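The values are calculated or read from the model by the stated rules, or taken from the named source; none is laboratory data. If you're wondering where the values come from, they're calculated on a predicted model, not measured in any experiment. When we count neighbours, we look across all protein chains shown, and the Cβ atoms used for this are built from the backbone with ideal geometry, even at glycine. Just the protein is used for accessible areas: all its heavy atoms, side chains included, with ligands, DNA and RNA removed. Shrake-Rupley method; radii C 1.70, N 1.55, O 1.52, S 1.80 Å.
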Amino acid sequence: MTETVAEPVTVQILGKEYRVACPEEQRHALIASANLLDRRMKEIRDTGKVVGGDRIAVMAALNITHELLTLKDQQADMDKRIQALRARVDSALDKEAEGQ
């Protein structure tokens, strides 16, 4: 069995460099995540309403987490709608098959 080796990746967030161990196949996702976090933290910092790196990081994390949870709720609603639609289609197909 081959073991995935986690190689360090350097990302920059709010002007600071961080080295993060990451498997090669997840490297792109890590860099994209760091870029998103960097953008969000800069947006919060640039408003001037939040001061301090720790507070900016917490606000960015809260905003991103809220968006994630909202998307998960929307996905759950969409899954329910798809299930209901499939049930209606199956029912219609069953009625059609009975009529033949």
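Picking from 26, 92, 62, whose Cα lies most toward the positive end of the charge dipole for the chain (charges on Cβ: Lys, Arg +1; Asp, Glu -1)?
Positive-most Cα among the choices belongs to 62.
If I histogram all Cα-Cα distances within the chain using bins 5 Å wide from 0, what percent of pairs lands in each bin?
Result returned by the calculation: 2, 11, 12, 13, 11, 10, 9, 8, 6, 5, 5, 4, 2, 1, 0.
Roughly how many Å² is the accessible area per residue of the chain, as a whole number, for a 1.4 Å probe? Please list the in-between numbers first.
On the way: 8460 Å² over 100 residues.
Solvent-accessible surface per residue comes out at 85 Å².
For the chain, what is the calculated [θ] at 222 nm in deg cm²/dmol (nearest 500), taking -39500 (n - 2.57) for each run of four or more DSSP H residues and dividing by its residue count?
When only DSSP H runs of four or more count, the value is -25000 deg cm²/dmol.
Within the chain, what whole-number % of the accessible surface is contributed by carbon and sulfur, with the 1.4 Å probe and all protein chains included in the calculation?
54
Report the label-to-label distance for residue 62 and residue 26 in nanometres (one decimal), using points 7 Å from each Cα along the Cα→Cβ vector.
Between residue 62 and residue 26, the simple spin-label model gives 2.7 nm.
Which FRET efficiency value, to the nearest 0.05, do you get for residue 33 and residue 89 by plugging their Cβ-Cβ distance into 1/(1 + (r/R0)^6) with R0 = 35 Å? Please list the in-between numbers first.
On the way: r = 38 Å, r/R0 = 1.09.
According to the calculation, E is roughly 0.35.
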